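As structure tokens, the structure follows; a few thoughts come after it.
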Amino acid sequence: NIGIFKEFSAAIANKDYALAYKITDENMMLKQTSEFEKLEEIYHQTFENAKNLLINQSQESLNKANILLKPFINIASKKDSISNLLRNTSKFIQAESLAKNKHFGEYFRLAESFKEIQNTKTYKKILALGEQIIATINELESEGKYNKALELNEVLKQFTPFKAIANNKVDSLFKYSSVISSTLILSLKQAYITSPIGRPISPKCTSDIVL
């Protein structure tokens, strides 16, 4: 319905976010539109800005955070998240500190016990980082750099959502690493057998083997 979409778009343009979400709840097809994505981005950015203010732990910051969040406070789908942010600021501060210091194992354990952390931009950024690590591991594996891939895979194990992938990957990496090591040993033995005693083994014997 074009009329409903215009009303929805106008509500966003006028920053009447409560009305925009109300219209969305009554017309679920709007959730498939780019305008709804824009609305959600406005909320998430507002939430992040309020969280960053609360990290300062001052009354002035609390007042500013409340003003930022006020347009969303009575929206049913946002009320719990906002309430949790205001009541559990210390959890968010702890999560940000863990992320900043790259203590990913502890970060994901905290996010599992306090699930509101999973709705933050920081959480999504760390998930994206995990996906980048997986891509790098796959690239190293395709290049035969199995030891480097194994090292990076140990980092991936700290990312709880990707731990199963890391555990599965380690088996194949160890297998290929062992095959390469065995090939190297065989190559060195063969070179020793066929080379005159005392003559240095040519690097060409292992030039194609990448550890």
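The values are calculated or read from the model by the stated rules, or taken from the named source; none is laboratory data. Bear in mind that the values here come from a model prediction, so they are computed numbers and not experimental data. Don't worry about glycine lacking a Cβ; one is built from the backbone with ideal geometry, like all the others, and counts go over all protein chains shown. Each accessible area value is taken on the protein alone, full model and side chains, heavy atoms only, with ligands, DNA and RNA left out. Shrake-Rupley method; radii C 1.70, N 1.55, O 1.52, S 1.80 Å.
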Flag for E60 being in a helix (DSSP H, G or I), open to solvent by 80 Å² or more (accessible area, probe 1.4 Å) and farther than 16 Å from K121 by Cβ: yes
Being in a loop (DSSP other than H, G, I, E, B), open to solvent by 80 Å² or more (accessible area, probe 1.4 Å) and polar (S, T, N, Q), is that true of even one residue in segment 2-16? yes
Give just the number: which of (1) open to solvent by 50 Å² or more (accessible area, probe 1.4 Å); (2) of a type in the set (D, E, K, R); (3) modelled with pLDDT of 75 or more does K189 not satisfy? (3)
Could you say which residue among A65, A50 is part of a helix (DSSP H, G or I), more than 25 Å from the chain's Cα centre (by Cα) and either over 25 Å from I2 (Cβ atoms) or small (G, A, S) (or both)? A65
Could you look through segment 94-118, keep only residues that are in a loop (DSSP other than H, G, I, E, B) and either of a type in the set (V, I, T) or on the phi < 0 side of the Ramachandran plot (or both), and pick out the one that is surrounded by the fewest Cβ atoms within 10 Å (Cβ to Cβ)? N101
Would it be correct to say that S182 is of a type in the set (S, T, N, Q), at pLDDT below 80 and more than 30 Å from Y43 (Cα to Cα)? yes
Identify, by number, the condition in (1) more than 26 Å from V170 (Cβ to Cβ); (2) in contact with an Asp or Glu (Cβ under 9 Å, 6 or more places away or on another chain) that I117 doesn't meet. (2)
Determine if segment 169-177 includes at least one residue that is open to solvent by less than 70 Å² (accessible area, probe 1.4 Å) and modelled with pLDDT of 80 or more. yes
Residues (of a type in the set (D, E) and within 30 Å of L156 (Cα to Cα)) located in segment 70-109: E96, E106
Please enumerate the residues belonging to segment 123-153 that are open to solvent by less than 60 Å² (accessible area, probe 1.4 Å) and either aromatic (F, W, Y) or in contact (Cβ under 8 Å) with a residue 40 or more places away in the chain (or both). Y123, G144, Y146
Every pair of residues 6+ apart whose Cβ atoms lie under 6 Å, when the first sits in segment 100-120 and is closer than 17 Å to G130 by Cβ while the second is assigned to a helix (DSSP H, G or I) and open to solvent by 60 Å² or more (accessible area, probe 1.4 Å): F108/T160
Could you tell me whether F72 is buried (at least 19 other Cβ atoms within 10 Å of the Cβ), under 20 Å from the mean Cα position of the chain (by Cα), at pLDDT 90 or above and closer than 30 Å to A13 by Cβ? no
